[in-house]
Amino acid sequence: ARITVREPWYVASARSGDTNLLAENLTVSAETPVQPIEIVLGHDVATIDGNVSLDGKPVSGVVLLIPQSAPRRGVTIPVGPAGEFHMANLPPGEYSAYALDHVDGLADADAEVMRKYSSQEKEFHVLPNGHVTVHLELQKF
């Protein structure tokens, strides 16, 4: 199941016992009792701005952000024709960012799939209520 809340709130953590539900699936069996699920919400969101280029020239495409604490909760941001992008309501934390020409066929913004694009990966930290600017080089997907 997916955990969804309305902006500007976000799921800061979701756990069941030792299982981080933002990074792992919860397996339930008849033999094992299920631990309570604890969900913590946050509202100290940040903003990200940036630009994307290819060979020094601005290009459009899409930016893929993958939170390091919740790799299955990647988000995409469209990049405008002048190479610019913007997103408000970004949960604070550590991120990996990729600029791609498209994301068709990219299932669930999987960090495993993105390893082959790691040469152009940009890692950054977003502070609570903060703002970050990121410059990315476009990768052909």
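The values are calculated or read from the model by the stated rules, or taken from the named source; none is laboratory data. Computed from a prediction, not measured in an experiment: that's the story for all the values here. Cβ: placed from backbone, ideal geometry, glycine included. Neighbour counts: every protein chain shown. When the accessible area is computed, the model is the full protein with side chains, heavy atoms only, and any ligands, DNA or RNA have been set aside. Shrake-Rupley method; radii C 1.70, N 1.55, O 1.52, S 1.80 Å.
Entry note, the chain: relative contact order of 26 percent, from Cα contacts under 8 Å with a spacing of 6+ residues. Computed 3J(HN,Hα) for segment 46-54, one whole-Hz value per residue from the Karplus formula 6.51 cos²θ - 1.76 cosθ + 1.60 where θ = phi - 60°, is 10, 10, 10, 10, x, 9, 10, 9, 9, glycine and proline marked x. Distances between placed amide hydrogens fall under 5 Å for G61 paired with V79, all partners being 5 or more residues away or on another chain. Ranked by solvent-accessible area (1.4 Å probe, protein heavy atoms only, all chains present), the residues R6, R73 order from largest to smallest as R6, R73. Rolling a 1.4 Å probe over the protein heavy atoms leaves K122 with an accessible area of roughly 80 Å².
Counting only protein heavy atoms and a 1.4 Å probe, segment 1-54 has 69 square angstrom of accessible area per residue. Here the Karplus curve 6.51 cos²θ - 1.76 cosθ + 1.60, taken at θ = phi - 60°, turns the phi angles of segment 91-98 into couplings of x, x, x, 8, 10, 10, 10, 9 Hz, with x standing for Gly and Pro.
As an exercise, use a Förster radius of 25 Å and the Cβ-Cβ distance of D104 and I3 to find the FRET efficiency, rounded to the nearest 0.05.
Values: r = 26 Å, r/R0 = 1.04.
Given R0 = 25 Å and the Cβ-Cβ separation, E is 0.45.
Hey, for a label at V75 modelled as a point 7 Å past Cα toward Cβ, could you say which residues of segment 8-28 have their backbone N under 11 Å away? Output list for this probe position: 8-11. Can you give the longest stretch of the chain with no exposed loop site, where a site means GluC sites (Glu not before Pro) in a DSSP loop (not H, G, I, E or B) with at most 15 other C-beta atoms within 10 Å? Maximal segment without exposed cleavage sites: 32-141.
Our coupling estimate for segment 67-72, obtained by passing each phi through the Karplus curve with A = 6.51, B = -1.76, C = 1.60 and θ = phi - 60°, is x, 5, 7, 9, x, 8 Hz, Gly and Pro reported as x. Taking 7 Å steps out from each Cα toward its Cβ at Q35 and D18 produces label points 0.8 nm apart. Solvent-accessible area assigned to carbon and sulfur over the chain amounts to 50 percent, based on a 1.4 Å probe.
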